[in-house]
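The values are calculated or read from the model by the stated rules, or taken from the named source; none is laboratory data. In this text, all values refer to a predicted model and were calculated from it rather than measured experimentally. Quick reminder, even Gly has a Cβ in these numbers, built from the backbone with ideal geometry, and neighbours come from all protein chains shown. In case anyone asks, the SASA skips ligands and DNA or RNA and just uses the protein heavy atoms, side chains included. Shrake-Rupley method; radii C 1.70, N 1.55, O 1.52, S 1.80 Å.
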Amino acid sequence: MQNFSYFNPTRIVFGKGSISHLFKLVPVNQKILMTYGGGSIFKNGVYDQVKQALAGRELYEFGGIEANPTYETLMKAVTLVKQEGIQFLLAVGGGSVLDGTKFVAAAALYEGEDPWDIPSHRGKIGKVLPVASVMTLPATGSEMNGNAVISRKSTQEKLGFGDVRLNPVFSILDPETTFSLPVNQLRNGIVDAFVHVMEQYLTYPVNTPLQDRQAEAVLLTLIEEADAILSDPPQYDARANFMWCATQALNGLLSRGTVGDWATHPIGHELTAFYGMAHGETLAVVYPSMMRFKKDAKKVKMLQYAERVFGLRGLPEEEMLQQAADQTEAFFRRIGIGTRLKEYNVNAAEAAEKISARFAERGWKLGEHEDIDAEAVRQILLNAA
Ligand code: NZQ
Ligand code: ZN
């Protein structure tokens with residue numbers, strides 16, 4: 001096991017009716033900005049619950065944060081925060097609202113010239129405003145981590161950054177808020193949580209049996225619960241299990257002392273930036289192709305995964321590796337998400353060209369062996385046609 005430090009300062013308040021806890025969790029006598037997205041919180045009653053819990057507080061609002069939140073929109077929130085002297089940010093919605101709000105928290109107090117420096121890693125995060133969340137979409141894990149991914153329309157970029165000071169002070173997770181989710185968002189969320197675990201687990205062994213078992217527990221739970229998660233009418237327990245899986249998948253615990261991969265996510269972000277694919281869709285396309293491309297370097301863990309997660313035994317090694325990738329792709333397809341670029345009307349040759357050029361430009365070499373470079377990206381995308 002490698003050396004590590006682990007600090008997660010986010011309080012989780014979980015369960016039915018937990019939005020009412022806002023009353024005691026949100027600081028008194030402060031100017032609060034509630035941020036939200038395109039309006040789902042008005043339809044499912046979450047907005048009313050938040051307003052009721054915070055009745056009598058000095059509450060400002062900023063809506064319209066889009067899926068894959070943009071710098072352009074978020075800078076308007078930064079202006080509002082500065083004008084009104086906002087002291088506390090409460091994100092109500094999915095990962096995009098929360099990520100966007102984390103950016104606002106850092107951008108509002110950024111001392112450099114242009115806060116785009118933060119996602120583009122040209123400038124350091126200074127002081128930040130405190131952020132908290134009511135998370136309505138299990139997927140990103142943003143509710144218990146300090147990460148955010150921000151898009152910039154004008155340059156077609158989508159870049160991530162992170163800082164433990166951007167961990168939400170608290171996150172409220174009420175599984176009933178997920179009842180209004182459309183089925184495609186549930187599918188995207190299952191794939192996102194699944195691939196978060198894989199990016200931390202499927203590398204090479206450094207003797208971390210506990211972390212491996214914890215990762216496999218999340219993967220198996222997602223597979224076993226998938227049908228119930230997608231069922232209509234919604235089932236509370238399945239949604240609760242899903243919500244907690246998504247949080248566990250990316251709150252940093254699974255990766256302590258291990259070696260991470262994280263090559264699929266940045267490739268996926270480029271597919272979103274160029275073609276507007278949803279985050280979960282990009283992962284469903286890139287990850288199975290990544291597994292096939294890296295099957296030799298990932299062999300030991302992939303054999304373990306094939307056996308423990310899909311129950312495969314006694315097959316020749318090559319067959320086991322192939323099955324590990326095929327069954328992963330089959331799981332994604334079973335829950336109804338496309339795993340090939342053509343299903344999203346994306347031309348693989350063009351995407352391979354554009355995205356490998358970006359990797360070359362940035363000099364990126366990703367993955368646990370730092371070998372996912374421009375040429376590797378080209379192959380991975382061509383193989384996902
Ligand atoms: O905008 P509204 O009207 O709220 O609608 C949203 C949006 O259209 C809707 N929605 C959310 N909760 C709902 C709901 N609709 C009905 N009922 C509810 N309860 O769902 C749509 C998608 O929301 P979004 O927030 O974009 O989805 P998600 O949570 O999957 O977030 C995706 C973003 O997070 C980033 C992704 O790259 C993407 O930009 N990620 C953030 C990470 C992190 N912070 O750690 C890690 C991830 O790997 C990921 O990269
Ligand atoms: Zn993700």
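Overview of values
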quantity	calculated
Condition broken by MET277, with the remaining ones in (1) under 26 Å from GLU157 (Cβ atoms); (2) within 16 Å of ligand 2 (Cβ to nearest atom); (3) of a type outside the set (Val, Ile, Thr); (4) not in a loop (DSSP other than H, G, I, E, B) satisfied	(4)
Residues located in the range 75-96, provided they are crowded, with 20+ Cβ neighbours inside 10 Å, more than 16 Å from ligand 1 (Cβ to nearest atom) and more than 23 Å from PHE23 (Cα to Cα)	VAL78
Residues of the range 1-35 that turn out to be open to solvent by 30 Å² or more (accessible area, probe 1.4 Å) and assigned to a loop (DSSP other than H, G, I, E, B), as a count	16
Residues located in the range 258-279, provided they are surrounded by 21 or more Cβ atoms within 10 Å (Cβ to Cβ) and either away from ligand 1 (no atom under 16 Å from the Cβ) or basic (Lys, Arg) (or both)	THR258
Residue tally, condition open to solvent by 10 Å² or more (accessible area, probe 1.4 Å) and either within 13 Å of ligand 2 (Cβ to nearest atom) or in contact with a Leu (Cβ under 8 Å, 6 or more places away or on another chain) (or both), over the range 280-295	2
Tally of residues being surrounded by fewer than 24 Cβ atoms within 10 Å (Cβ to Cβ) and near ligand 1 (Cβ under 6 Å from one of its atoms) across the range 124-144	1
Counted residues, the range 154-179 - those being within 16 Å of ligand 2 (Cβ to nearest atom) and of a type outside the set (Phe, Trp, Tyr)	4
Test: residue in the range 76-92 that is among the β-branched types (Val, Ile, Thr), free of Cβ contacts under 8 Å to residues at least 12 places away in the same chain and more than 16 Å from ligand 2 (Cβ to nearest atom)	yes
Members of the range 328-346 found to be under 19 Å from LYS295 (Cα atoms) and exposed (fewer than 15 other Cβ atoms within 10 Å of the Cβ), listed by number	ALA330
Residues (in a helix (DSSP H, G or I) and either open to solvent by 40 Å² or more (accessible area, probe 1.4 Å) or of a type in the set (Val, Ile, Thr) (or both)) located in the range 231-247	TYR236, ASP237, ASN241, TRP244, THR247
Only listed residue being over 30 Å from HIS121 (Cα atoms), out of contact with any Asp or Glu (no Cβ under 6 Å at 6 or more places or on another chain) and more than 13 Å from ligand 1 (Cβ to nearest atom), chosen from LEU173, LEU230, LEU181, LEU186	LEU230
Residue that is free of Cβ contacts under 8 Å to residues at least 12 places away in the same chain, under 18 Å from PHE332 (Cβ atoms) and out of contact with any Ser or Thr (no Cβ under 7 Å at 6 or more places or on another chain), where the choices are GLU224, GLU281	GLU224
Some residue of the range 180-199 being away from ligand 2 (no atom under 14 Å from the Cβ), free of Cβ contacts under 8 Å to residues at least 60 places away in the same chain, in the same structural domain as LEU303 (by TED's automatic domain parsing) and within 20 Å of MET290 (Cα to Cα)	no
Unique match (being surrounded by fewer than 21 Cβ atoms within 10 Å (Cβ to Cβ), assigned to a loop (DSSP other than H, G, I, E, B), away from ligand 2 (no atom under 16 Å from the Cβ) and assigned by TED's automatic domain parsing to the domain that holds LEU22) among GLU66, GLU72	GLU66
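Here is a yes/no grid of residues against (1) part of a loop (DSSP other than H, G, I, E, B); (2) over 19 Å from GLU270 (Cβ atoms); (3) of a type in the set (S, T, N, Q); (4) modelled with pLDDT under 95:
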residue	(1), (2), (3), (4)
ALA91	no, yes, no, no
LYS102	no, yes, no, no
ALA148	no, no, no, no
SER154	no, no, yes, no
LEU159	no, no, no, no
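Yes/no matrix, rows are residues, columns are (1) of a type outside the set (Gly, Ala, Ser); (2) in contact (Cβ under 8 Å) with a residue 60 or more places away in the chain; (3) touching a His at 6+ places or on another chain (Cβ under 6 Å); (4) closer than 28 Å to PRO205 by Cα:
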residue: LYS295; (1), (2), (3), (4): yes, no, no, yes
residue: LYS299; (1), (2), (3), (4): yes, no, no, yes
residue: GLY314; (1), (2), (3), (4): no, no, no, yes
residue: PHE331; (1), (2), (3), (4): yes, yes, no, yes
residue: GLY367; (1), (2), (3), (4): no, yes, no, yes
residue: ILE372; (1), (2), (3), (4): yes, yes, no, yes
